[in-house]
């Protein structure tokens, strides 16, 4: 126990005694030198918890007490280091150095490679350049420790989801091989990255394990599974093995121990210790956790609330509830001396500890008596979710019902969230309580499902196991409808379940629907897909011609192994259908040119091909289906190649008799194509057909164009003209049809392999470069980067416009990081890519956004020097850049230059930019009115935005002239036929309410807008809410917020106003409540963090402001923006 306690954490004597017993355990284990391939014995036990040894909580506590010398919770006080603790560490270091290859502490002289890498790192170039430089040279001699540190840091910044830390750990391995001692920063970076990856692996492993369980439950024994499900099972089991073999947390603990032993911990801040403790806590490994905490104390660091959260969670996971509560008691004694923090996290950890230790009653009691009744503790949904999950897993439905009823009925308690329903759905599904699962699903479906994929997948599998196939398919549909990317393996489980039930019609309908849903999401099935295998099996199993043809149609972009086998099946089904009137009628209703194209493919595999092709031709004629020109050519070519000259003559005569117009067209275009001595189809023919495909795209749409390309070009042994494919990709991208673009790419990309070397390289470059541009222009950073990497892997470089598109796509995508504009420019220049105006325009605009105005202007000047004439967009970009930088003289210089060039006429958008600058940045109404008059002088039509700016000029620039501002609402309609928009009313509302503090007039404008049948949008609500908040009318603001919430989701600006309003009224807790309900990306922005930090600073809550700053640093905000908040917090707290 703790003994007596004063102002310090613990009584020193008791603390030393406990740690002496602890040290005997910690240092008894034999340390190994191979820190990462064979971790220390203690580290190897990471996955063994006391709870797993004995399920009884009391037994677990006894076991824990035995392990720790009958001390249920080793003391957490930070006292002066005792003499006894030095000797074990020194002995440990001796053992370490005696077995580990010695690592030099002498820094080698910097080599040229060191210098190049360090310079790249210091310039903050794109991290990949640092790594490329590191990998480019085979290192015969060691690099400097700081160089390795820079490479490891660059590796960390390039880490992506679901990728192991192979490259980063490879750098560490090279350091050890070279005998170089890592710096403390290197150790810290490696440890934190490994812990982050461990969390990811833990999450992925749980998902895959559930999938393995679901598939195994689909049949008794793997041998009874459908072959596709067997493949899924083996894939999942292999993935689990790969994930577990990473041993990220073991490696992190080993590195931590190595850093302690080599005294390389100078860069270890509290975050490093807490990160490692949090990772250890998930497995309840008390021994390792207390070792890490002891080192934290030895480093003379004070714990914070997160430290206690990790320790309480660790003891709870180990089933040692007594130790967890002792830890919480210690927290209560010292919480006032800890950095300012939100105590709800620690209290929630106690609830979770009770749940993990199997004490649900204790968890509920603690929640109700300690958290709910204490108004100083922020009440969130998290502790309720913990209890609900535990209750589900213990089949305690009475407790679940009781909690859910309270959450729904008590307005003082938090509302259930999508996460609440998701964990209930997961728990019920795992326990096979489907009646409850159905109820929860019906409630969850009205929520946001974006992060609820796992419980939904579990629910689908549970429904399948209970033979509720219709319900499982309904869930799949709703997952697609909510925009989830449904895994094909889950779809395979559904289809296989229908097959196992033996209902051929339902199975075929389901597989067709699944394929359609996938295609509609632009996630087309490849030939290697297990779903494609299963779909073919259904078509082979289902003795129905229409179903088989439809499945073939939906799989048309896939090349699957059983293609010929399925064609043979379809050929036989055609005969069966003709002998069965009901089936033939079904086919006639379905039949089309495309279905007969497939039947002709089957005919080519028929033992009597000649008879079959004429039979099909007669049937098509009888059904009044006109074949394509390509069909005639393809059959004729096949007959010619097989030497059936009589059949060839008969084919041409019959085809001419049945389809005289089509025969005439064939004769004109391919008059020599069917003679035995005919040469291959010429490039002119390819060009003609490619142009026809383009015309079909324009006139009839993508489906007809793709059919034509497939039938008339590809299946005739040709490859479509790449320049026409480029044109089609460009056209489709302009209308956002990425699904159609993918279909086009899948169809044609493999056809260019038959071309000679140079032609093949040109064609593949053309379409890959076009795909990069298409995805870039549609802001799909992941796919744009994929095609960029594909070009680079083929030793090709994008053209200038594709580089620009890549830059646009990655501008705001945190998963790739914002590519540096000048780095892209330098890469293009180095590779001698010919620049274009579009290329310059994009880079200049990006530099403007990044406030790098000098570089933007230098590039503009360079354009003409490199033979690229600036266009109107170029002038707009540079003028906008100058205005952004408040360089008014330069902006006007470029405006005059543009006007003096007769071929350039300024557009209304440029004048809008100038008006916006003088209204919003300079507050100069006269200048704004001058440019408004120029719009009229050039006979340009003012836009809706122009009128908003002119209204702002009168309403927002002193001296305010509201009469003139309102006059322009009438002028919009009378002179230009433009009706006022909500944005115009929002300007007036904000001016009245926030600038003039005339709330009744602001409300009158709002009512006027509503009476004009103009529906308020978010900016209007924001303006009136800001009016109320500015005038200290928080109740009215809250009421309006509720009204707005029924129609719109509040944006960051509205929430920020509430944070400011509550802060100004001293209601800091309410401000924090608003901050907490916002989400990064969809809600919070940089100003949210700044506003919240400022409120804390104004109320002398420096530690809470620091927590906000640290939270902000964990997100991808620009350094300059973060520095502003850091200056606010750290500057004032000095």
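The figures follow:
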item	result
Selection status of residue 449, buried (at least 18 other Cβ atoms within 10 Å of the Cβ) and modelled with pLDDT of 90 or more	no
Residues being surrounded by 15 or more Cβ atoms within 10 Å (Cβ to Cβ) and either more than 18 Å from residue 712 (Cβ to Cβ) or modelled with pLDDT under 85 (or both) - total across region 748-761	6
Some residue of region 1095-1112 being under 27 Å from the mean Cα position of the chain (by Cα) and exposed (fewer than 15 other Cβ atoms within 10 Å of the Cβ)	yes
Selection from region 819-841 of residues that are under 11 Å from residue 801 (Cα atoms) and surrounded by 21 or more Cβ atoms within 10 Å (Cβ to Cβ)	828, 835, 839, 840, 841
Residues located in region 864-884, provided they are modelled with pLDDT under 80 and closer than 13 Å to residue 844 by Cα	884
Checklist (1) over 30 Å from residue 264 (Cα atoms); (2) touching a helix residue (DSSP H, G or I) at 6+ places or on another chain (Cβ under 9 Å); (3) surrounded by fewer than 24 Cβ atoms within 10 Å (Cβ to Cβ) applied to residue 350, failing item	(3)
Selected residue [out of contact with any strand residue (DSSP E or B) (no Cβ under 7 Å at 6 or more places or on another chain) and under 26 Å from residue 336 (Cβ atoms)] from 1053, 1076, 1123	1076
Search result, residues across region 144-160 that are closer than 12 Å to residue 192 by Cβ and surrounded by fewer than 22 Cβ atoms within 10 Å (Cβ to Cβ)	153, 156, 159
All helices (runs of 4 or more DSSP H) inside region 420-497 with 2 or more residues being in contact (Cβ under 8 Å) with a residue 40 or more places away in the chain	453-465, 469-481
Counted residues, region 868-912 - those being within 16 Å of residue 948 (Cβ to Cβ) and surrounded by fewer than 18 Cβ atoms within 10 Å (Cβ to Cβ)	2
Residue within region 594-617 that is more than 30 Å from residue 503 (Cα to Cα), touching a helix residue (DSSP H, G or I) at 6+ places or on another chain (Cβ under 7 Å) and assigned to a loop (DSSP other than H, G, I, E, B) present	yes
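The values are calculated or read from the model by the stated rules, or taken from the named source; none is laboratory data. The structure presented is a predicted model; accordingly, all values stated were derived computationally and were not measured. Methodologically, a virtual Cβ is constructed for each residue, glycine included, from the backbone with ideal geometry; neighbour enumeration extends over all protein chains shown.
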